[in-house]
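J.: The structure's right below; bear with me while I get my questions together.
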Amino acid sequence: MTGISFVNAAKQHNICKKGADDVYILSVESSCDETSAAVVKNGREVFSNIIASQIDIHKIYGGVVPEIASRKHIECINPVIEEALAGASVTLSDIDAVCVTYGPGLVGSLLVGVSAAKAIAFAENKPLVGVHHIGGHISANYICHKELEPPFICLVVSGGHTNVVEVKDYGKYNIIGRTRDDAAGEAFDKVARTIGLGYPGGSKIDALSKEGDKDSIVFPHGHIEGFPYDFSFSGIKSSVLNYVNGCNMKGEEYNKADIAASFQKAVVDVLVEHTISAAKEYGYTKIAMAGGVACNTSLREEMENACNQAGYRLYYPDPVLCTDNAAMIGAAGYYEYMNGVRHGYDLNAIANLKFE
């Protein structure tokens, strides 16, 4: 498995004797370029969370190549599942249900995980539960914050998604705001490429921005008239590109750190503003964040400041649970399983699966 890093992202637990009411979930995630499997108890306790990352492969191409991603998933899926079971010191007979991401994502990648989960469920006669990827991201908060219960507002912000979500109950969601074009994480990647930082862009811009002046350049804050909680990041992405091209045409030097800091500030300002405004209008005092961009240090700091000023409580997962992983799918899948959700062996991957 050349180019694959293979880690157990779970805190170590001693496996106790399974109680009569305990539910053990084997979960699988393969929506993009991480192959992951986990064993989760009762939706909150993670016994193992194995992640095989392809980042070193795709950075050569400046982004995820779908065909390469799906091929690597095929190589990794069985060893990752075996390692998850071994790391949790359980066997398939101990598992109560098999949960898997079935959308949205790259269809070839999703199919690998869905096929593996269906095969295990069939062979072991275990219930099969398909899980929505965004629901998984939201549920990562339940792992890190055992006290957190719905209802609350959650900002889901990643490379493929930017949503303000009303979490009404476990598995019950209302989309308050969504992006109309690029997701925030996608904008980070494209701006990083524009200023020569490479892929993945989010962490690189976050690090470089600490050396820059966030007020040095004024980039636009995208707003959608009549839809106060929706997002648009295509304008700021174009604005950065125009700024860089303008400097090049004039023979002027530009400061990459200032661009990174100013761009990040414009994005973070909008994310925080929309989330806090939604919480106020809908009457919530608990706010959560989820998704890869929830690792951004500026976003965490500014959201924390805004919540403190408003008297709100803020929750967000550990960084390893912000990025794609199977533990979050196990957490979401547990509540789907307890709500009676079951899927047949005709469960298919849905690349553009709606979130509702």
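Values in this text are rule-based calculations from the coordinates and carry no lab data. A quick note: this is a predicted structure, and the numbers were derived from the prediction, not measured. Don't worry about glycine lacking a Cβ; one is built from the backbone with ideal geometry, like all the others, and counts go over all protein chains shown.
J.: Work from the charge dipole of region 150-317 (Cβ charges, +1 for Lys and Arg, -1 for Asp and Glu, about the Cα centre) and give the residue of Leu197, Phe227, Gly177 farthest towards its positive end.
T.: Gly177
J.: Take Thr323, Thr162, Thr179 and order them by how many other Cβ atoms sit within 10 Å, fewest up front.
T.: Values: Thr323 26, Thr162 30, Thr179 21.
Listing Thr323, Thr162, Thr179 from fewest to most nearby Cβ atoms yields Thr179, Thr323, Thr162.
J.: Quick one: what are the phi-derived ³J(HN,Hα) couplings along region 155-160, Karplus 6.51/-1.76/1.60 with θ = phi - 60°, whole Hz, x for glycine and proline?
T.: My calculation for region 155-160 gives 8, 9, 9, 8, x, x Hz in order.
J.: Sort Val320, Val129 by Cβ crowding within 10 Å, fewest neighbours at the top.
T.: On the way: Val320 16, Val129 28.
So the ranking, lowest neighbour count to highest, is Val320, Val129.
J.: May I pose another question? For region 96-108, take each phi angle, set θ = phi - 60°, evaluate the Karplus expression 6.51 cos²θ - 1.76 cosθ + 1.60, and give the result in whole Hz per residue in order, putting x for glycine and proline.
T.: These are the phi-based 3J(HN,Hα) values: 8, 7, 10, 10, 8, 5, 10, x, x, x, 7, 4, x Hz.
J.: Shifting gears a bit: From the helices alone, meaning DSSP H stretches of at least four residues, give me the mean residue ellipticity at 222 nm for the chain, per-run term -39500 (n - 2.57), in deg cm²/dmol to the nearest 500. Please report the intermediate quantities before stating the final value.
T.: Working: 11 runs with 152 residues, N = 356.
-13500 deg cm²/dmol, from helical runs alone.
J.: So for region 63-175: antiparallel DSSP bridges make up what percent, rounded to the nearest 5? Can you show the working numbers first?
T.: Numbers: 10 of 15 bridges.
In region 63-175, approximately 65 percent of DSSP beta bridges are antiparallel ones.
J.: What is the antiparallel percent of DSSP beta bridges lying wholly in region 150-317, to the nearest 5?
T.: If we restrict to bridges inside region 150-317, about 60 percent are antiparallel.
J.: Could you list which residues have their amide H under 5 Å from that of Phe233, counting only those 5 or more apart in sequence or on another chain, with H placed in the peptide plane?
T.: Under 5 Å from the amide H of Phe233: Arg180, Asp181, Asp182.
J.: Rounded to the nearest 20 Debye, what is the dipole magnitude of the chain about its Cα centre when Lys and Arg each give +1 and Asp and Glu each give -1 at the C-beta?
T.: Numbers: 30 positive and 42 negative charges, 48 e Å.
In total the dipole reaches around 240 debye.
J.: For Met289, which sequence-distant residues (separation of 5 or more, or a different chain) have an amide H within less than 5 Å of its own amide H, given hydrogens modelled in the peptide plane?
T.: Leu155, Tyr315, Tyr316
J.: Using modelled amide H (1.01 Å from N, peptide plane; none on Pro or chain starts), what sits under 5 Å from the amide H of Ala9, excluding residues fewer than 5 places away?
T.: When sequence neighbours closer than 5 places are left aside, the close amide H contacts are Asn49, Ile50, Ile51.
J.: Given R₀ = 41 Å, what would the calculated FRET efficiency be for Glu82 paired with Lys168, taking r from the Cβ atoms and rounding to 0.05?
T.: Efficiency computed from Cβ-Cβ geometry: 0.65.
J.: Rounded to whole Å, give me the distance from the Cα center of region 25-65 to that of region 113-155.
T.: Each part's Cα centre sits 13 Å from the other's.
J.: Ordered by residue, what ³J(HN,Hα) values in Hz, to whole numbers, does region 140-148 give under the Karplus form 6.51 cos²θ - 1.76 cosθ + 1.60, where θ = phi - 60° and Gly and Pro are x?
T.: Here the 3J(HN,Hα) series is 4, 5, 5, 6, 7, 10, 4, 7, 6 Hz.
J.: Students often get this wrong, so check it: of Lys210/Lys286; Lys210/Lys256; Lys126/Lys354; Lys237/Lys286; Lys146/Lys265; Lys204/Lys354, which have C-alpha atoms separated by over 22 Å?
T.: Details: Lys210/Lys286 29 Å; Lys210/Lys256 11 Å; Lys126/Lys354 26 Å; Lys237/Lys286 31 Å; Lys146/Lys265 31 Å; Lys204/Lys354 31 Å.
Checking Cα-Cα distances, Lys210/Lys286; Lys126/Lys354; Lys237/Lys286; Lys146/Lys265; Lys204/Lys354 exceed 22 Å.
J.: With contacts defined as alpha carbon pairs under 8 Å and 6 or more residues apart, what's the relative contact order of region 150-317 in percent? Can you show the working numbers first?
T.: Numbers: 325 pairs, mean separation 46.0, N = 168.
It comes to 27 percent, rounded to a whole number.
J.: What shape does the chain take by its C-alpha gyration tensor, where a ≥ b ≥ c are the square roots of the eigenvalues and a/c under 1.5 counts as rounded, a/b above b/c as prolate, and the rest as oblate?
T.: prolate
J.: Could you line up Ile95, Ile217 from fewest to most neighbouring Cβ atoms inside 10 Å? Please list the in-between numbers first.
T.: Working: Ile95 22, Ile217 19.
So the residues, fewest neighbours to most, are Ile217, Ile95.
J.: Still on this structure: Roughly what % of Cα-Cα distances in region 150-317 sit above 20 Å, to the whole percent?
T.: Working: 6871 of 14028 pairs.
Summing the P(r) tail past 20 Å for region 150-317 gives 49 percent.
J.: Further question on the same structure: Roughly how tilted is helix 256-282, in degrees to the nearest 10 and between 0 and 90, from the longest Cα axis of the chain?
T.: 60
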